[in-house]
Amino acid sequence: MHHPYQAIETFSPAGAQGPVFLLAAGGPKLYAVNLENGAIVSSWPDEENNQKDDNKVEEVAGPLNKKRKVAAAAEQPNICKLTVSHDHQHAIVVTGEDKTVRVFSLGTEGELQELSQRLMPKRPSAVVISADNKTIIISDKFGDVYALPLLTTPEAESAFSASSRPAAPKPFKPAATALTVHSGANRRALEDQLKKAQEQPPQKTKEALNFPHQLLLGHVSLLTDMLIARMDQRSYIITADRDEHIRVSRDFPQTQVIENFCLGHEEFISKLCLISPTLLVSGGGDDYLCVWDWLNARLLQRISLTSVVSQARSKVSKTQTGVDAEESSSAVAVSGLWTIPGTDGNAPQLLVACEGVPALFAIDTSRLGKTEKDVDIGVFTHGNVLDVAFATQAMIVSIDNIHVPGSITQVDQRETSQARLLVFPRSLCQEWSERDHWNNLLVDINKQVVVDWHEKALQALLYSVHNLRKRDNDEE
Amino acid sequence: MPPPPAKRQKRDAYKAALNEKHPEEAAATLPKKRFYRQRAHANPFSDHALSYPRTPDSMDWSSHYPDFVDQSKRIEVADIGCGFGGLLFALSPRLPDALMLGMELRVSVAEFVQEKIKAMRVQNAESGLYRNISCCRANSMKFLPNFFHRAQLTKIFLCFPDPHFKARKHKARIVSATLTAEYAFVLRPGGIVYTITDVEDLHLWMKEHFEACPLFLTLTSEELASDECVEIMKTGTEEGKKVERNGGTKYVACFRRLEDPPWPV
């Protein structure tokens, strides 16, 4: 069985009338598929280049350079985030293990060309692009949010590093004196500092970012999702963290001004989604979604997911044996929220995916926040839902073909190979005559051998959301 | 189940003995620090087993300030990292109408302050002192907005915070490039952040970050001299007294919260 596609996106670089392409990330690899004929038009990394790279690394990695060797021996970093700019000219690809942000240009024929790679200080957790397509905003697992220009030139980078480098190394000065009130640990740290300063000249403690960037804001928590919202010509950054906070800050250059906090979740938050300019939906480790009037920090309603999740899970345990009772517990971890624009003047639909659940849930957003809402099963899938992407008429759903549906740990032992990408009509309940046509388009990408997979690494790549849940901790 | 820590066991034994011998005096007896000591560092990033209100409105303060229940008063002074509570006890008689809250991450230390407040209230039953102060265990770096509304506070004290000397640990400092925004959020325009430390490096660090935040203005030395809270902070805090004994230097810096800037057009 092949490695699943953990992240997918669509783009149409030649405008709305032009062809639509699918961008699919499988492990460390990225493919572009033309959705008019199903041809895989581009892939990254380029096989040839890649081999060259490998050789180069091996040469460098001599016995003297131990650290480098370990890095070279490590597997290629997996792609964990995929974002397409609003003008569909660029894609931003984040690889997790090496904390690197790459920008690709998207050609009119779907060609992928890598333009830049930038190493972030911590692993990025969410990426958004400013409305003018000029700035990438990145939140990380250390709670910080950075802004980087989308495109950089070597000149800009060298100008930046020249301006940010201190003129002369500061003479060493201990951070405290013996008069300072100390705890034992602080005194030891001070002694170490003094000893080190005598032994050797001060070293650079940390590799500073050597490209233009700006720290916008930060939480003392792990940031999980972020989006930019506009109201009355004013722009805001909304950030969500593992400690149940949703923070509404003004957008750059006034990110120090916090407008409010939307508080009400009892577990971590993992996903945010704007339904309309005023309505925000958030989900995470709670078995409900929250609907917010985000500008006024008002919790309008909670929508329970309990019954649909257990419905989807019980369907699995009926058709399949071998799902551990322990696993099919009631814990919910929301892993995806999307809106599909309504057709024929209908209100948009909100789609919800939960980790290790082989279904997509749908919520009709008309009068959301005002009247009680039922959650419907949008579609049942033959495997856990990983990601969703939208084309003009179709919705493409990426499926975990490796694990038993309903489980995030158990590998499916059946030999039959399952499709990794499925297609559904955009308005879910419709009868759809074009399904076969669309399925044909996905034949090649579904057959594509991506890369070998290893159980542990794959599980970590596909199912990281539930790990955000806090464990019962010992006191002190 | 692991046995309870020795210190807690001794503390309980001591309390029980006291209750037996002098039941009428037990409530007024000050807690002994040696039963409550805890290592000076606590990791602000770890989850702990904290309890904190879901929202500021969901917090019931009536048990903290029973004498102010019907006055619908809000807390307006926060002592963040209050330690053994020296500043709270010094400030309480000087600002008798303001509700003050000490926040401390270390469990035992927070318990000590709570016990001491109880005893001091009993001791001063006639004068009615110390009714306006309380303490809770909290990680204020993470959960400040869970306790306080926007623009609720008039004063925030950051007294002798952990200096976290290692560069790798700088994000654990109580003042950072990004945390100034949260202090600005809970502080009303005109409100003041008071900082004091005996570590020059940390003093410069705190100044650098508050000065870099456009929502704060550094107080001049004249303004510092005319603010009685500055003097109380210098002499009233436990650490302040310790520095005094050691002959160390105390560095003070205070910052006023400005109005939010107008939106860019």
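The values are calculated or read from the model by the stated rules, or taken from the named source; none is laboratory data. Note that the structure is predicted; figures quoted are calculated from it, not measured. Backbone-built Cβ (ideal geometry, glycine too); neighbour counts: all protein chains shown. Areas reflect the complete protein model, heavy atoms only, side chains present, ligands, DNA and RNA absent. Shrake-Rupley method; radii C 1.70, N 1.55, O 1.52, S 1.80 Å.
Spin-label point model (7 Å from Cα, Cβ direction): what's the A:SER276 to A:HIS382 distance in nm?
In this crude spin-label approximation the distance works out to 4.0 nm.
How many angstrom lie between the Cα centre of region B:85-132 and the Cα centre of region B:154-201?
About 22 Å separates the Cα centre of region B:85-132 from the one of region B:154-201.
Taking amide H positions as placed 1.01 Å from N in the peptide plane, with prolines and chain starts having none, which residues 5 or more places from A:TYR5, or on another chain, fall under 5 Å of its amide H?
A:ILE399
For A:ALA359, what is the net charge nearby, where nearby means another residue's Cβ is under 11 Å from its Cβ and Lys, Arg count +1, Asp, Glu -1? Display every interim value, and only then the final one.
Working: positive: A:ARG313, A:LYS315; negative: A:ASP376.
For residues surrounding A:ALA359, the net value is +1.
Assigning unit charges at the beta carbon (Lys, Arg +1; Asp, Glu -1) and nothing else, what dipole magnitude in debye, to the nearest 20, does region B:5-60 show about its Cα centre? If you can, show how the numbers build up before the last one.
Details: 12 positive and 7 negative charges, 113 e Å.
Using Cβ point charges on Lys, Arg, Asp and Glu, region B:5-60 gives about 540 debye.
Give the Rg/Rh ratio for region B:45-139, taking Rg as the radius of gyration of the Cα atoms and Rh as the Kirkwood radius, to two decimals.
Answer for region B:45-139: 0.95.
Placing +1 on the Cβ of each Lys and Arg and -1 on the Cβ of each Asp and Glu in region B:74-257, which of B:LEU129, B:VAL107, B:LEU219 has its Cα farthest towards the positive end of the resulting dipole?
B:VAL107
So if R0 is 56 Å, what FRET efficiency would A:ALA14 and A:LYS195 give, r being the distance between their Cβ atoms, rounded to the nearest 0.05? All intermediate terms of the calculation are to be shown ahead of the outcome.
Numbers: r = 63 Å, r/R0 = 1.13.
FRET efficiency, A:ALA14 to A:LYS195: 0.30.
Could you state the number of Å between the C-alpha centres of region A:252-285 and region B:12-67?
34
Where the accessible area of region B:74-257 is counted over protein heavy atoms with a 1.4 Å probe, how much of it, in %, is carbon and sulfur?
On the way: 3090 of 6390 Å².
Exposed carbon and sulfur together represent 48 percent of the surface.
Is the shape of region B:1-105 best called rounded, prolate or oblate, per the rule: a/c under 1.5 gives rounded, else a/b larger than b/c gives prolate, else oblate, with a ≥ b ≥ c the square roots of the Cα gyration tensor eigenvalues? The partial results should precede the final answer.
On the way: a/c = 1.80, a/b = 1.26, b/c = 1.42.
It is oblate, given that a/c is not under 1.5 and a/b is not larger than b/c.
What percent does the relative contact order of chain B come to when contacts are Cα pairs within less than 8 Å and at least six residues apart?
Details: 415 pairs, mean separation 49.7, N = 265.
So the answer I get is 19 percent.
Might you report the magnitude of the Cβ-based charge dipole of the protein assembly as shown about its Cα centre, with Lys and Arg at +1 and Asp and Glu at -1, to the nearest 20 debye? Could the numbers behind the result be given before it?
On the way: 85 positive and 93 negative charges, 581 e Å.
Its charge dipole is roughly 2800 debye.
Starting from 0.36 nm per residue, how many nanometres of slack lie between A:ARG298 and A:GLU434 once their C-alpha separation is accounted for?
Values: separation 136, 0.36 × 136 = 48.96 nm, distance 4.26 nm.
Between A:ARG298 and A:GLU434, full extension yields an extra 44.7 nm.
So what is the calculated 222 nm ellipticity per residue for chain B, using -39500 (n - 2.57) for each DSSP H run with n of 4 or more, over all residues, to the nearest 500 deg cm²/dmol?
Details: 10 runs with 94 residues, N = 265.
One gets -10000 deg cm²/dmol as the mean residue ellipticity at 222 nm.
Please give the total accessible area that chains B and A bury against each other, computed with a 1.4 Å probe and expressed in Å² to the nearest 100.
Numbers: alone 14220 and 25100 Å², together 35190 Å².
In total, chains B and A hide about 4100 Å² from solvent.
Within region B:74-257, what percent of beta bridges assigned by DSSP are antiparallel, to the nearest 5? Walk me through the intermediate numbers first.
Working: 9 of 29 bridges.
DSSP beta bridges in region B:74-257 are roughly 30 percent antiparallel.
Direction-averaged shadow area of the convex hull around the Cα atoms of chain B, nm²?
Numbers: hull surface 69.2 nm².
Reported value for the Cα convex hull: 17.3 nm².
Could you work out the Rg to Rh ratio of the protein assembly as shown, with Rh taken as the Kirkwood radius (inverse of the mean 1/r over all Cα pairs)?
Result: Rg/Rh = 1.00.
Assuming R0 = 35 Å, can you tell me the calculated FRET efficiency for the pair A:GLU266 and A:ALA156, based on Cβ-Cβ distance, to the nearest 0.05?
Working: r = 45 Å, r/R0 = 1.29.
FRET efficiency, A:GLU266 to A:ALA156: 0.20.
What accessible area per residue, rounded to a whole number of Å², is obtained for the protein assembly as shown using a probe radius of 1.4 Å? Write out the running numbers ahead of the final one.
Working: 35190 Å² over 741 residues.
Per residue, the protein assembly as shown has an accessible area of 47 Å².
Keeping to pairs on different chains or 8 or more places apart, tell me how many lysine pairs in region B:13-124 have Cα atoms under 16 Å apart. Could the numbers behind the result be given before it?
Values: B:LYS15/B:LYS32; B:LYS15/B:LYS33; B:LYS15/B:LYS116; B:LYS15/B:LYS118; B:LYS32/B:LYS116; B:LYS32/B:LYS118; B:LYS33/B:LYS116; B:LYS33/B:LYS118.
Pairs that pass both the separation and distance tests number 8.
Answer rounded, prolate or oblate for region A:323-461, using the Cα gyration tensor with square roots of eigenvalues a ≥ b ≥ c: rounded when a/c is under 1.5, else prolate when a/b is larger than b/c, else oblate. Can you show the working numbers first?
Details: a/c = 2.42, a/b = 1.29, b/c = 1.87.
Here region A:323-461 falls in the oblate category.
Assuming R0 = 45 Å, can you tell me the calculated FRET efficiency for the pair B:ALA27 and B:ALA212, based on Cβ-Cβ distance, to the nearest 0.05? Intermediate results must be reported in sequence, preceding the final value.
Values: r = 48 Å, r/R0 = 1.07.
Here the calculated transfer efficiency is 0.40.
Please report how far the C-alpha centroid of region A:347-414 lies from that of region A:71-150, rounded to the nearest whole angstrom.
25
Enumerate the whole-percent occupancy of each 10 Å bin, from 0 to the last occupied one, for all C-alpha pair distances of region B:165-223.
20, 55, 22, 2
Please find, in a Gaussian network model of chain B (springs between Cα atoms separated by less than 10 Å), the residue of B:ALA184, B:ALA119, B:ALA78 whose mean-square fluctuation is greatest.
Comparing B:ALA184, B:ALA119, B:ALA78 in the GNM, the peak value goes to B:ALA119.
Summing +1 for each Lys or Arg and -1 for each Asp or Glu, what net charge is found among the other residues whose Cβ lies under 12 Å from the Cβ of A:VAL308? Before the final figure, lay out the partial values.
Working: positive: A:ARG313, A:LYS315, A:LYS373; negative: A:ASP287, A:ASP374, A:ASP376.
Taking every Cβ under 12 Å from that of A:VAL308, the sum is 0.
Suppose every K and R has +1 on its Cβ and every D and E has -1 on its Cβ; what is the size of the dipole of chain B about the Cα centre, in Debye to the nearest 20? Spell out each step's value before the answer.
Working: 38 positive and 33 negative charges, 246 e Å.
Using only the charged Cβ atoms, the result is roughly 1180 debye.
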